[in-house]
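Trainee: Below is one structure. I have some questions about it.
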Amino acid sequence: MKIVLDHLTKRFPNRNKKIKEDVIAVDDVTFEIPDGKLIGLLGPSGCGKSTTLNLISGLETPSAGRIFFGDLDVTVLAPENRGVGLVFQNYALYPHLTVEQNITFPLGNLRGKDKLTKEQMHDKAVEAAKLVQIDQLLERKPSELSGGQQQRVAIARALVKTPSVLLLDEPLSNLDARLRLQTREELSRIQKSTGITTIFVTHDQEEAMSISDMIVVMKDGAIHQIGKPQEVYDSPVNLFVAKFLGTPPINVFNGEMRDGKVFIGEEAVLNIKSTENRKVYVGIRPEGFVLASGKEANVLTCDLVRVEVMGRDTSVVSKHAAYTGATIRSIIPSEDVADTSSDKVHFTLKPKKVYLFDAETEETIDFEVR
Amino acid sequence: MKQNKYKGWLYLLPAILFLGVFMVYPLIDVVVYSFEEGFSFVTQTKVGTGLYNFRYVLHDTYFVQALKNTFIIVIITVPFSTALALLISLALSSIKPLRNMFQTIYFLPYVTNTLAVGLVFMVLFKKTEYSDGMVNLLIKAFGGEAVDFIDGPYWAKMFVMCLYTIWIVLPFKILILTSALASVKEDYYKAARVDGTRPARIFFRITLPMISPMIFYLIITGFIGAFKAYSDEVALFGTDLNAAGMNTMVGYVYDMLYGNSGGYPSFASAAALILFAVVFTITCINLMASKKNVHY
C-alpha cells in the first residue's frame with residue numbers, strides 16, 4: 001500500500017514546565033512511500049524518526065498534517081483499524097505466553113465474522129512462523145529463545161494479521177554484529193516474499209543503506225534527503241547527510257574556492273570551472289584519496305600518523321592543519337601502498353569523491369572539474 | 001584448607017550464637033513445653049508427659065471460638081483486601097491528576113498507630129451515653145435500626161473487625177501493586193493497542209499475568225498476617241477478648257501465657273504449635289498454587 005505523509009507535524013509539551021515552548025519532534029514532514037518497498041528512516045537519535053513511525057502506526061496522533069494509506073485518510077483512525085504490524089525495538093513479546101500464543105495473540109482480538117477457530121489460528125501461526133523460520137520453536141517461551149529468534153517471533157506476530165504496512169523500530173539494534181548481518185538479509189527476504197510496504201527506523205546508516213529500496217535521512221524532526229541509498233551517498237544535499245552516510249565517515253576540511261581552484265590550506269587540490277571566490281567545507285570520502293609521490297600537480301600533503309592494515313584495504317591515518325576533526329582516514333587498496341616510512345603523506349583526489357559545502361549554510365555547492 | 005574451614009564457622013559464630021539463643025532454643029523449648037503436662041514457671045515442675053495439652057486446648061471452647069474467629073477473618077479479609085487493593089491500584093495508575101494526593105490518602109492508615117485507628121473506629125461504631133456512633137446515625141437516617149457494633153451481636157462485631165483489618169492492610173497492598181503495575185513495560189500495552197486488544201483482555205491476558213508474582217506474594221503474606229491477628233482485636237474490643245467472643249489464636253496463646261497471674265505455658269505452647277501447623281499448611285498450599293499460576 002502506498003503511504004503518503006502530508007505536512008506532518010508532531011509537537012510535545014516541554015517536559016521542563018518552565019519552558020512554555022513545545023518540543024517539535026516531527027516538523028512539517030512530507031513524503032510518499034511507494035507500494036511494496038522497503039524504506040529506511042535514518043537519523044541520529046532524537047531526530048524524530050521513531051515519532052514518525054508512531055504517527056504512521058497510530059500510537060501517536062499528529063498535531064498537524066495528514067496521513068494517507070493508499071487513498072484512505074487514516075490520520076485519526078485508531079491503530080487497530082489501520083492494518084499495521086509493529087515490531088518494537090525490544091520486541092515486547094509477552095513473557096508468560098509461548099511463541100505460538102504470542103503469534104496468535106493479535107488473532108484473538110478478532111470478533112464477529114472475522115473470529116477464527118483454534119485450528120485456523122494454529123494454521124496461521126504455523127504459516128507466519130514458517131515465513132520467519134521459527135516453526136520448530138512454537139512451544140517455547142520467549143525467555144528460552146535467543147535475541148535473533150525473539151525478533152523473528154515479533155515479526156511473525158506483526159505479520160500474522162497480514163497487515164498492509166509493516167513497521168519496525170530499530171529492528172537490529174539489540175542483536176550482535178554477526179546476527180545483525182544475517183537478520184538484515186532475512187528482513188529483506190521476508191519483505192520481498194510478502195511484498196508488504198515496510199518502514200524501518202534505524203540510526204545505523206550501514207543497515208539502512210544495505211537493505212532499503214529508499215532511505216529517508218532525518219535530523220531535528222525535518223527530512224534532509226530522500227532517495228535511493230546510492231544516490232543519497234553519491235550526491236548528498238548538505239554537509240549533515242554527507243557526514244551521516246558512510247563508514248569511515250567523510251573527511252571534512254576547511255577550504256576555499258579561489259581563482260578556479262579549490263584550496264585546502266595553501267595547497268590547490270582541484271581545478272574547477274567556477275571562478276567564484278568563497279569559503280567552503282571540502283568533504284572527501286575515504287576512498288577518494290589516491291597515494292601520490294608529491295611531485296604531481298594538485299597534491300594534498302598531510303602528516304602521517306599511522307597505517308592500519310586491514311587486509312584488502314589499508315587505512316592511512318593522517319593529520320592536516322585545516323582538518324575539522326581529529327584525524328583524517330583514507331582507504332587505499334593495499335597493493336597501492338608502497339613507502340610509509342616518511343612522516344609526510346601525499347594524496348591526489350578523485351574528483352567524484354570530493355564535495356564542496358557552503359561554509360555558512362552547509363548546503364552542497366555543485367561544481368565541475370576543469 | 002583445614003584452617004579455612006574453621007574460619008568460615010568463626011565468621012558465622014555471632015549470628016549462630018544469637019539465633020541459637022534467641023530463636024532456636026525458645027522454639028525447641030516451646031515444643032518441649034507443649035508435651036509437658038502442668039508445667040509451672042514458678043516451681044519449674046511438671047506433672048507428666050504426653051498429648052494431654054493438645055487434647056485440652058482442642059476441647060477448650062475459647063480456643064474453638066478463637067480458631068473460628070481467626071478463620072473467618074482470614075477468609076474474608078485476605079481476598080477482599082487484595083481484590084480491593086488491585087482495583088484501587090488500577091484506578092490510581094489510570095489517572096494522572098491528583099494521583100499523588102490519592103496515593104498519600106490511601107497510604108495514611110499504614111503510618112497511623114493501630115490504637116489511634118482503633119479510636120477512630122470507636123467514634124464510627126461505638127455506642128455511648130451521648131451517641132450511637134456515626135455509622136448508626138447514618139443507618140437511622142436511612143430508616144434502619146441502630147446496631148451495637150462493639151458490644152452487640154456476633155456478626156456486627158465480626159463486620160467491624162473485618163472492615164478494620166481490611167482497612168489497615170490495604171495501604172501496603174496498594175503500594176506494592178501500584179509499583180508492580182508501573183513496572184509493566186509500556187511497550188506491551190502499545191503492542192496490544194496496535195492489535196486492537198480490548199481492555200478486559202489486556203487486563204486478564206497481559207496485566208494480571210505480569211503482576212501475578214506480586215499478587216501471590218501479597219496473598220501469602222496476607223494469610224500469614226491475618227492468622228497472626230491480635231493487636232487489632234485489642235484496639236477494638238479491649239483486652240478481655242474471650243468475654244467479647246472476639247479472641248484470635250494469637251490472643252488465646254497470649255492469654256494462656258500471661259492470664260491468671262502466671263498462666264499455663266504448656267497450654268500456650270500447644271496452642272502455638274497448632275497455630276504454626278495451620279499457617280504452615282496454608283502457606284504450603286499457597287506456594288503450590290502459586291507455582292501453577294505464577295508465570296516466569
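Trainee: Just one of A:Gly36, A:Gly58, A:Gly108, A:Gly85 is surrounded by fewer than 20 Cβ atoms within 10 Å (Cβ to Cβ), within 14 Å of chain B (Cβ to nearest Cβ) and in contact (Cβ under 8 Å) with a residue 12 or more places away in the chain; which is it?
Mentor: Of the residues listed, the single one that is surrounded by fewer than 20 Cβ atoms within 10 Å (Cβ to Cβ), within 14 Å of chain B (Cβ to nearest Cβ) and in contact (Cβ under 8 Å) with a residue 12 or more places away in the chain is A:Gly108.
Trainee: Follow-up. Kindly list, by first and then second residue, each pair from a residue in region A:214-231 that is in the same structural domain as A:Asp22 (by TED's automatic domain parsing) to a residue that is surrounded by fewer than 18 Cβ atoms within 10 Å (Cβ to Cβ) and part of a helix (DSSP H, G or I), limited to pairs with Cβ atoms under 6 Å and residues at least 6 apart or on different chains.
Mentor: none
Trainee: Within region A:88-98, restricting attention to residues that are of a type in the set (Phe, Trp, Tyr) and at the interface with chain B (Cβ under 8 Å from one of its Cβ atoms), which residue is farthest from A:His122 (Cα to Cα)?
Mentor: Only one residue fits best here, namely A:Phe88.
Trainee: Go over the candidates A:Gly58, A:Gly65 one by one and state the one that is out of contact with any helix residue (DSSP H, G or I) (no Cβ under 7 Å at 6 or more places or on another chain) and in the same structural domain as A:Leu167 (by TED's automatic domain parsing).
Mentor: Sole residue among the options that is out of contact with any helix residue (DSSP H, G or I) (no Cβ under 7 Å at 6 or more places or on another chain) and in the same structural domain as A:Leu167 (by TED's automatic domain parsing): A:Gly65.
Trainee: Here's a check for you: in region A:133-164, which residue that is exposed (fewer than 15 other Cβ atoms within 10 Å of the Cβ) and within 12 Å of chain B (Cβ to nearest Cβ) is nearest to B:Lys190 (Cα to Cα)?
Mentor: Filtering first and then ranking leaves A:Ser143.
Trainee: If you check A:Gln149 against the conditions, is it over 20 Å from B:Val194 (Cα atoms), part of a helix (DSSP H, G or I) and touching a Lys or Arg at 6+ places or on another chain (Cβ under 9 Å)?
Mentor: Working: over 20 Å from B:Val194 (Cα atoms): yes; part of a helix (DSSP H, G or I): yes; touching a Lys or Arg at 6+ places or on another chain (Cβ under 9 Å): yes.
Here the answer is yes, as A:Gln149 does meet what is asked.
Trainee: Hey, another quick one. Conditions first: (1) in a helix (DSSP H, G or I); (2) over 18 Å from the mean Cα position of the chain (by Cα). B:Gly152 passes all but one, so which condition is the exception?
Mentor: Against the list (1) in a helix (DSSP H, G or I); (2) over 18 Å from the mean Cα position of the chain (by Cα), B:Gly152 comes up short only on (1).
Okay, residues lined up against (1) out of contact with any helix residue (DSSP H, G or I) (no Cβ under 6 Å at 6 or more places or on another chain); (2) among the acidic types (Asp, Glu); (3) closer than 30 Å to B:Leu177 by Cα; (4) surrounded by 15 or more Cβ atoms within 10 Å (Cβ to Cβ):
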| site | (1), (2), (3), (4) |
| --- | --- |
| B:Tyr52 | yes, no, no, yes |
| B:Pro97 | yes, no, yes, no |
| B:Gly118 | no, no, yes, yes |
| B:Gly133 | no, no, no, yes |
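Trainee: Against the definition (in a helix (DSSP H, G or I), over 26 Å from A:Thr61 (Cβ atoms), in contact with a Ser or Thr (Cβ under 8 Å, 6 or more places away or on another chain) and not polar (S, T, N, Q)), how does A:Ala125 come out, yes or no?
Mentor: Criteria met by A:Ala125.
Trainee: Could you tell me whether region B:243-256 includes any residue that is over 16 Å from the mean Cα position of the chain (by Cα), within 14 Å of chain A (Cβ to nearest Cβ) and in contact (Cβ under 8 Å) with a residue 24 or more places away in the chain?
Mentor: no
Trainee: Going through region A:69-82 one residue at a time, which ones are within 8 Å of chain B (Cβ to nearest Cβ) and exposed (fewer than 15 other Cβ atoms within 10 Å of the Cβ)? Walk me through how you get there before you give the answer.
Mentor: Of the residues in region A:69-82, the ones within 8 Å of chain B (Cβ to nearest Cβ) are A:78-81.
A:Ala78, A:Asn81 - these are the residues of region A:69-82 that are within 8 Å of chain B (Cβ to nearest Cβ) and exposed (fewer than 15 other Cβ atoms within 10 Å of the Cβ).
Trainee: So, one more: Name the single residue, out of those in region A:17-33 being free of Cβ contacts under 8 Å to residues at least 60 places away in the same chain and under 19 Å from A:Met218 (Cα atoms), that is surrounded by the most Cβ atoms within 10 Å (Cβ to Cβ).
Mentor: Checking each candidate, the answer is A:Val23.
Trainee: To continue, here is another question. Just checking, does region A:88-98 include any residue being among the hydrophobic types (A, V, I, L, M, F, W, C) and free of Cβ contacts under 8 Å to residues at least 12 places away in the same chain?
Mentor: no
Trainee: Got at least one residue in region B:280-295 being away from chain A (no Cβ under 14 Å), in contact with a Ser or Thr (Cβ under 9 Å, 6 or more places away or on another chain) and at pLDDT 85 or above?
Mentor: Scanning region B:280-295 turns up no residue that is away from chain A (no Cβ under 14 Å), in contact with a Ser or Thr (Cβ under 9 Å, 6 or more places away or on another chain) and at pLDDT 85 or above.
The values are calculated or read from the model by the stated rules, or taken from the named source; none is laboratory data. Remember, it's a predicted structure, so these values are computed and weren't measured experimentally. A quick note on method: Cβ atoms are made from the backbone with ideal geometry, for glycine too, and the neighbour counts reach across all protein chains shown.
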